[in-house]
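Report on one structure; see the data block that follows.
The values are calculated or read from the model by the stated rules, or taken from the named source; none is laboratory data. None of these values were measured; they are calculated from a predicted model. Note that we place each Cβ from the backbone using ideal geometry, even for glycine, and neighbour counts take in every protein chain shown. Keep in mind that these areas ignore ligands, DNA and RNA; they rest on the heavy atoms of the full protein, side chains included. Shrake-Rupley method; radii C 1.70, N 1.55, O 1.52, S 1.80 Å.
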Amino acid sequence: MLAALQLIVPALKPRIRKILLVGIALAGIASILTAPRASENAGAPLLAGARVPVAVRAAIERSCRDCHSEATRFPSYSYVAPISWMIESDVKQGREHLNLSRWNQYSLIRRERCLSEIANQVEDGGMPLPAYTWIHPSAVLSPADIDAIFAWTQEERARLISESVKR
């Protein structure tokens, strides 16, 4: 890319060249200052305390982890402003709504509600978001994934209710 800029920039008028170079410098500075940072809780297990079948865990890690946990994998393009701002905002909103790394910190009622919402979102095709699966096609949930996640949410919710009744 630098070589391409070296060919293009000299051919531009001095004023346009100066504006372009200032813009590139500002984008570089903004990228450095706003680069996503790893969470302090990045190593926390997903869904700690939940009984999750292996196939469901694999689907959740593949399709949900980046936006709904502290173990977000930031691709190289997520370090470039303004893309980094959009990704950081999406991840922040996803974690606020559901953070699988903090599952064991949620109250029993919140876990039950989250399980119901996961079931509804996955079954209705609301999650993962199309913008995410467009860039990450491996995150698309297959019909088998959807069925497995839905069944797991129902089983886990029933287990939580049963355990709460025993207390």
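Here's a check for you: in the range 58-75, which residue that is of a type outside the set (A, V, I, L, M, F, W, C), over 14 Å from PRO128 (Cα atoms) and buried (at least 17 other Cβ atoms within 10 Å of the Cβ) is modelled with the lowest pLDDT?
Once the filter is applied, the top-ranked residue is THR72.
Determine if the range 117-125 includes at least one residue that is more than 30 Å from SER76 (Cα to Cα) and either touching a strand residue (DSSP E or B) at 6+ places or on another chain (Cβ under 8 Å) or β-branched (Val, Ile, Thr) (or both).
no
Results for (1) open to solvent by 50 Å² or more (accessible area, probe 1.4 Å); (2) of a type in the set (Ser, Thr, Tyr); (3) out of contact with any Asp or Glu (no Cβ under 7 Å at 6 or more places or on another chain); (4) at pLDDT 95 or above, shown as yes or no for each residue.
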position: LEU47; (1), (2), (3), (4): no, no, yes, no
position: TYR77; (1), (2), (3), (4): yes, yes, yes, no
position: GLN93; (1), (2), (3), (4): yes, no, yes, no
position: SER107; (1), (2), (3), (4): yes, yes, yes, no
position: ASP124; (1), (2), (3), (4): yes, no, yes, no
position: PRO130; (1), (2), (3), (4): yes, no, yes, no
position: ALA144; (1), (2), (3), (4): yes, no, yes, yes
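Which one of the conditions (1) out of contact with any helix residue (DSSP H, G or I) (no Cβ under 7 Å at 6 or more places or on another chain); (2) modelled with pLDDT under 95 does SER138 fail to meet, given that it meets all the rest?
Failing condition for SER138: (1).
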